[in-house]
Amino acid sequence: KQEVTQIPAALSVPEGENLVLNCSFTDSAIYNLQWFRQDPGKGLTSLLLIQSSQREQTSGRLNASLDKSSGRSTLYIAASQPGDSATYLCAVSRYGQNFVFGPGTRLSVLP
Amino acid sequence: NAGVTQTPKFQVLKTGQSMTLQCAQDMNHEYMSWYRQDPGMGLRLIHYSVGAGITDQGEVPNGYNVSRSTTEDFPLRLLSAAPSQTSVYFCASAMGGGSSYEQYFGPGTRLTVT
């Protein structure tokens, strides 16, 4: 059974820092991996999706990498801002459909 | 496009009552799914559908029914509500058939069962 973990569970950084969020999964036979952002009391917003044949994806200040063989993905946030404060979730799917989610990393960026 | 919409946003039920959570998408996505989010448990898949007329169970299907009569709509029915079904429910959709399957989520329904 696929299990997804995220480290750290919570992170507090001063504004302007670069930071890395980690996601690990136990079964490397995945179709894709997707990173989401969730603000308190809100739904999930898709940030980046990496298909199994890709190594990384970039969107603005965000860069996500995927190492399928080691079962790891990282989300790199450059020059963090207070508006980046949210919970970040990673999710993997075996066939592209049913995602298994990690518990999330709660990020606070302090002004 | 409105994307994925869910109604209602909030609902309080008494134990034993039934209700339907509505989900609709206007992106012509083949794949739709329902998750519940509980503190300390993360998001867990309840039911999913790969197209109109086709549904299947996810990780936590007990106590819930679904149907998919159209591409756009995927309602979730609680047959006899229990306090253990107090949760936040999210509907998601994705393009199917060889696409990247990027998932788009609705805003959620917060359900309390007393």
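Values in this text are rule-based calculations from the coordinates and carry no lab data. Being a predicted model, the structure only gives us computed values, none of them experimental. Reconstructed Cβ throughout: ideal geometry from the backbone, glycine too, with neighbour counts over all protein chains shown.
Going Cα to Cα from residue A:42, which lysines come in below 23 Å? Please leave out same-chain ones fewer than 8 positions away.
Partners within reach: B:9.
May I ask you to derive the relative contact order of chain A, considering only C-alpha pairs under 8 Å and at least 6 residues apart, and to give it as an integer percent? Before the final figure, lay out each step's value.
Working: 284 pairs, mean separation 41.3, N = 111.
The value is 37 percent.
Quick one: net charge around residue A:12, please, counting Lys, Arg +1 and Asp, Glu -1 for every other residue with C-beta under 13 Å from its C-beta.
Values: positive: A:106; negative: A:15, A:17, A:84.
Cβ neighbours under 13 Å give a net charge of -2.
Quick one: go through the stretch A:85-105 and flag any residue whose amide nitrogen is under 13 Å from the point 7 Å out along the Cα-to-Cβ line of residue A:52.
What the label zone holds, given the 13 Å backbone N cut-off, is A:92-98.
Using amide H atoms built 1.01 Å from N in the peptide plane, name the residues 5+ places from residue B:58, or on other chains, whose amide H lies under 5 Å from its own.
Excluding prolines and chain starts, which carry no amide H, the hits are B:47, B:48.
Using the Kirkwood radius over C-alpha pairs as Rh, can you work out the diffusion coefficient of the protein assembly as shown via Stokes-Einstein at 4 °C, viscosity 1.567 mPa s, in µm² per second?
Numbers: Rh = 18.0 Å.
Once the numbers are plugged in, D ends up at 72 µm²/s.
Principal axis lengths of chain B from Cα atoms, whole Å, largest first?
Principal axes ranked by extent give 42, 26, 26 Å for the Cα atoms.
Find the centroid of the Cα atoms in the stretch A:1-70 and in the stretch B:7-23, then give the distance between the two in whole Å.
32 Å
Using Cα-Cα distances under 8 Å and only pairs 6 or more residues apart, what relative contact order does chain B have, in percent?
Working: 300 pairs, mean separation 40.4, N = 114.
About 35 percent, as a whole number.
At q = 0.12, 0.15, 0.18, 0.25 Å⁻¹, what log₁₀ I(q)/I(0) does the stretch A:17-109 have when each alpha carbon counts as one equal point scatterer in the Debye sum?
-0.33, -0.52, -0.75, -1.37
Apply the Karplus curve 6.51 cos²θ - 1.76 cosθ + 1.60, θ = phi - 60°, to the phi angles in the stretch B:14-23 and return the couplings in whole Hz, x for Gly and Pro.
Using θ = phi - 60°, the values come out as 8, 3, x, 6, 10, 6, 10, 8, 9, 9 Hz.
Counting other C-beta atoms within 10 Å, which of A:100, B:60 has the fewest, and how do the rest follow?
On the way: A:100 22, B:60 18.
The fewest-first ordering by Cβ neighbours comes to B:60, A:100.
If you plug each phi of the stretch A:91-96 into the Karplus form 6.51 cos²θ - 1.76 cosθ + 1.60 with θ = phi - 60°, what whole-Hz ³J(HN,Hα) values come out, in order, with x for Gly and Pro?
So the Karplus estimates, Gly and Pro as x, are 9, 10, 9, 7, 10, x Hz.
Which value, in debye to the nearest 20, describes the size of the charge dipole of chain B about its Cα centre when Lys and Arg Cβ atoms bear +1, Asp and Glu Cβ atoms bear -1, and nothing else is charged?
Details: 7 positive and 8 negative charges, 96 e Å.
Once rounded to the nearest 20, the dipole reads 460 debye.
Sequence neighbours fewer than 8 away in the same chain don't count; with that in mind, list the lysines whose C-alpha is under 18 Å from residue A:68.
List returned: A:1.
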